[in-house]
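What follows is a single structure, written as structure tokens, with notes after it.
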Amino acid sequence: MCKVLKLARSGYYAWLNRKLSPRTQENEILSEQIQQIHQGSRQTYGSPRIHAALVAKGFHVGRQRVVRLMAKLGIGARLKRKYKTTTDSEHDLPIRPVAL
């Protein structure tokens, strides 16, 4: 594979054994926290509320980063169903009289 990609074997093994970057490690911690907060809210919190919860916990994180991590995790807020009127008051059917 190294020959096909024209890479040195030593470079491949150096990459393989390299530690994760600090940013990647921080993203993993934040991802775990985001999932916990999301599950704790019964999957109703979106990025603004999750961001506020993370800031309250002491994390220094921007909302766009929370949005990006949530998208990567495939989670989002559960949306409320839109109210739909089911009564048709414009009909020509007889209306039952009210009993007193």
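What follows draws every value from the coordinates through simple rules; no lab data is involved. None of the values given here were measured: they were computed from a predicted structure. Cβ placement follows ideal geometry from the backbone for every residue including glycine, while neighbour counts extend to all protein chains displayed.
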Where a label projected 7 Å from the Cα of K84 along Cα→Cβ would reach, residues of the range 30-47 with amide N under 19 Å: none
Point-charge dipole on Cβ atoms (K/R +1, D/E -1) for the chain, about Cα centre, debye to 20: 660
Order of T44, T85, T24 - criterion: other Cβ atoms within 10 Å of each residue's Cβ, fewest first: T85, T24, T44
In degrees, nearest ten, helix 22-40 long axis to first principal axis of the chain (Cα): 20
Of H38, H60, H51, the one that fluctuates the most in a GNM where the chain has Cα springs shorter than 10 Å: H60
